[in-house]
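The values are calculated or read from the model by the stated rules, or taken from the named source; none is laboratory data. Since the model is a prediction, treat every value here as computed from it, not as a measurement. Backbone-built Cβ (ideal geometry, glycine too); neighbour counts: all protein chains shown. What goes into the accessible areas is simple: the full protein's heavy atoms, side chains included, and nothing from ligands, DNA or RNA. Shrake-Rupley method; radii C 1.70, N 1.55, O 1.52, S 1.80 Å.
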Amino acid sequence: MIGSLDLTNRIAGPGEGTMTTIVSRIVGIFQLAISLGLGFLAILALFAALRFVTGLFGSHMRQAWTYLYARFLDHRIWMLGIGYFSLLLTILLFGIVPAQFQPVVDDENSRVEIEMVPGTTLETTERVADQVAAILYDQQEVERALERVREGQATIYITLRPDRARTSVEFERALAPTLAQIPDARVRFASQSGGFGSGRDMTVMLAGSDPELLNETAATLVEQMKGINSLVAPRISADINRPELIIEPREDLAAELGVTTVALSQTIRIATMGEIEQNAAKFSLSDRQIPIRVKLPEQSRENLETIKNLPVQTASGGSVPLSRVANISFGSGPTTIQRYNQNRRVLVGADLGQGVIKGDAQKEIDALPILQDLPQGVIRDVVGEDQWQQEMLTSLMIAILAGFLLVFAVLVLLYKRIISPLVNMTSLLLAPLGGILLVWLVGQPQSMPVYIGILLLLGIVSKNSILLIDFAIEEMDRGTRKLHALMDAGHKRAQPIVMTTVAMTAGMIPTAMSGVLGSGDGAWRAPMGSVVIGGLILSTLLTLLIVPAGFSLADGFEKRAGPWLRNRLLTYKDGDDAHGKVGGGAHEPGIEPAE
């Protein structure tokens, strides 16, 4: 009922700012708190109903329910429940916070790439580049634009003003739709991510052995991507087809007239490309030979009638027009053929709209019908930045798991027990919650700095739990009761834990506020500071509450289950290591028992 009010979407619109984002997130937290409160009241009502129902089945059932209800009222169970809920909330936040490989940076420079139709002259390319430069100079953010024009291609290097009203990313995404409307040219901003081939923010690679089916699938994907509002100018990022002169021999007629394939190809080659260097005549100089290439002038090659009337030598020594032995027509074809794992590949690229995060746009693209059900023979594979992100996440999980096992092994050797180190290790699951919560609250996406901050958090949180449990174990070894030892550990170890948290948090505040306070862009530093600050504050609170409760339950389980497991799994008995006895038997004097 509360979620149906959609208060967060009513407050935060598509162009929301940082403060609006924070307010909308706070409203969402209040909605969650109200929902949890109602759920808690529902659980209490359920327990009351169960207590009444179990009372109808006799005293034994009533006693069993009383025992279970007493366990439910144990504050240690409640603390573990809070820890379990924290883990679920962490997984939920990691699922809803959009992700990208690296944060976008407010750069002082930008670059525009212009690609013309094959065959475009240098003058036409320069005219389009001047048109784009004029559009750029109309923007308040542009200070200088340097053109580099080549035949069919151009690049414009842009220097932005230091006092610009918009960031470089906002400037590029706002102007991209205007540049995409320029006819007979592909005009785009170069993406910060590199884009792997397409050079754009979003890239989808399709591969297959059938070129026609592959191009048809890519065209369908482009049409479906045009229906996504978060994308700008989706298109196939292949080279533009160039015009071609298609000559198809009439084999039967050529055979009747005595025209061989060699004579036909030689006529066409000499008329269009010129004779190859091996067969060409050479003009000899004193130090070298210069090949003489003979071919038709450019004006004649552009005239279809001239091509049709080219004489082709016959076997009898005569000649016939090319049009009699071949069909001549105009067509188009690719300038290059791109392959991936020995298959033809096609890249489909698109730019992101204003305020759109790559992770959100990627989910919309992945949900398109054509990608959900690709035709047989067409495959899709992640490339470029998406591939790097997958490799980074895999390496991150391996690093976390390796660190977890190494710390666990060291603690087992130090404590000479297993359950207590497990409590230390499970406390690491509490570390990311505060960090990802603060990242979600301020509207930052998941990126590489966020994951680096999480690695930093894991070390600090494990240190806090080790301080608590190590002190409690030392007190218990001196004969102090478990409850008193845990209470004493909380009192005496809380001060160094809190001091460490306060010092680390204060040191990370300038990092988290970079880009807001002072000069420079904080796209790389601010997410790391947010993760460390949020994670330290919340994990410290959860560690001081949940770790003692978890250790108390784990120690009780270890004392109950330990002797039972030892008697059934180990052959060693107490006193076996005493001098003169091996398993309770005697031995000969002077002979030491085997270890």
Calculated FRET value between Glu170 and Glu474, using beta carbons and R₀ = 56 Å, to 0.05: 0.45
Just to confirm my numbers, what's the Cα centroid distance between the stretch 459-497 and the stretch 359-373 in Å? 50
Quick one: net charge of Met499's neighbours, Cβ under 15 Å, K/R +1, D/E -1? +3
What does the charge add up to near Lys358, with Lys and Arg as +1, Asp and Glu as -1, over the other residues with Cβ less than 13 Å from its Cβ? -4
Ranked output for segments 394-401, 427-434 by mean other Cβ atoms within 10 Å, highest leading, reads 427-434, 394-401
Efficiency by 1/(1 + (r/R0)^6): what FRET value for Ile292 and Phe408, r their Cβ-Cβ distance, R0 = 56 Å, to the nearest 0.05? 0.10
Gain on full stretching of the segment that runs from Thr306 to Ala281 - 0.36 nm per residue minus C-alpha separation: 6.6 nm
What is the packing order of peptides 340-353, 248-261, taking the mean over residues of other C-beta atoms within 10 Å and listing the highest first? 340-353, 248-261
Could you provide, to the nearest whole Å², the per residue accessible area of the stretch 383-496 with probe 1.4 Å? 49
With a 10 Å radius around each residue's Cβ, average the other Cβ atoms per peptide and rank 532-540, 499-507, 297-305, highest first. 532-540, 499-507, 297-305
Show Tyr84, Tyr157 ordered by accessible area, largest first, where the area counts protein heavy atoms only and the probe is 1.4 Å. Tyr84, Tyr157
Can you divide the C-alpha Rg of the stretch 275-357 by 2.2 N^0.38 Å and report the result to two decimal places? 1.94
With a Förster radius of 41 Å, plug the Cβ-Cβ distance of Ile91 and Ala180 into 1/(1 + (r/R0)^6) and report the FRET value to the nearest 0.05. 0.55
